[in-house]
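Structure first, commentary second.
Just so you know, all these numbers are worked out from the coordinates, no wet-lab data involved. The model shown is predicted, which means the values in this text are computed figures rather than measured ones.
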Amino acid sequence: MKTTQLALAAALTVLAVASANAQQRTREAVEAEAIAAAHAPDQNVTRGSRGADPFKSVADPEAVYKQAVETASAPNQNVTRGSRGADPFTSSRDPAQVYQEAMATAAAPDQNVTGGSRVNSRVISTMQNPVLQSAQGK
């Protein structure tokens, strides 16, 4: 029974302290706060709805100006990659081998026939490729 009475007393004490804190704000103070909020210029405006927030730069203005001048006077400032022709090509294969493969492919008798072009059948060429024959004969 003592524990229940102690718990009840503690709860009443907490309630009394909370009530005292709530009563510290007078009716006049709350009314003045409400009037000030009602007369605020941006009271119903969400952030960003009237344009961007003011910008505060952390960069050095002189350094930014110098970089802008350098960029503006660069010779290729508005050139996108590939707009002045293709990038230089560097092959990783032997040019002679590539040439031989290209010539063999171009001279193949069945070069325009694909495996599924005739009723899903496979084409097996029995014709000899003249480029490959000349390469073997050397």
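For the stretch 91-100, backbone phi angles converted through the Karplus equation (6.51, -1.76, 1.60; θ = phi - 60°) give residue-by-residue couplings of 7, 9, 10, 5, x, 5, 5, 4, 4, 4 Hz, Gly and Pro being listed as x.
The HN-Hα couplings worked out from phi for the stretch 76-81 by the Karplus form 6.51 cos²θ - 1.76 cosθ + 1.60 (θ = phi - 60°) are 10, 5, 10, 9, 8, 4 Hz, whole numbers, x standing for Gly and Pro.
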